[in-house]
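Here's the structure we're looking at; comments come further down.
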Amino acid sequence: MVRGIRGATTVKEDREDEILKETEYMVQQLVKENEVNPEDVAQVLITVTDDISSTFPAKALRRFPEWKYVPVMCAREIAVPNSLEKCIRIMVTVNSQTPQEQINHIYLNNAVQLRPDLLLTDEAKKV
């Protein structure tokens, strides 16, 4: 079965080190909470808001050697007025036998406001 696992986080500043650190942490949590094996990942789509431009968040996934062959793409988020600033969103398409309602979507930092109904744990609620 193919499943989509969502995640989002925010950064305080548009700095490469912060973008990579927050993206890496988000992916680590997503992998841990959903027991994701890179061999089961079909693709990863990462979007950023217009105020993030100092690096590609996909670089963070290249820090995981076992993710070397996972296709990753970055894109711009739609610029909706009054939307969350400095936000990085991720969609991981994965083969999984986990039922849809048991998928653990990861929302961190200010992104917790995007889907409070899907928040997982106190750790995932860090603001």
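Highest mean first, the peptides 9-18, 64-73, 43-52 sorted by other C-beta atoms within 10 Å per residue fall in the order 43-52, 9-18, 64-73.
Near residue 61: Cβ cut-off under 11 Å, other residues only, Lys/Arg at +1 and Asp/Glu at -1. The net charge is +2. Overall, the chain carries a charge dipole of about 140 debye about its Cα centre when +1 sits on the Cβ of Lys and Arg and -1 on the Cβ of Asp and Glu, all other atoms neutral.
Net charge dipole, the range 11-83: roughly 180 debye, given to the nearest 20, about the Cα centre with Cβ charges of +1 for Lys and Arg and -1 for Asp and Glu. For the range 4-61, the C-alpha radius of gyration divided by 2.2 N^0.38 Å, with N the number of residues, is 1.14.
Peptides 84-93, 99-108 ranked from most to least packed by the mean count of surrounding Cβ atoms within 10 Å: 84-93, 99-108. Taking only the C-alpha atoms of the chain, Rg followed by Dmax gives 13.7, 38 Å. Remark: relative contact order (the chain) = 39 percent; criterion is Cα-Cα distance under 8 angstrom and separation of 6 or more residues.
Here, each number is a calculation from the coordinates, and none is a lab measurement. Since we're looking at a predicted model, the values are computed, not measured. Using ideal geometry, Cβ is built from the backbone for each residue, glycine included, and neighbour counts are taken over all protein chains shown.
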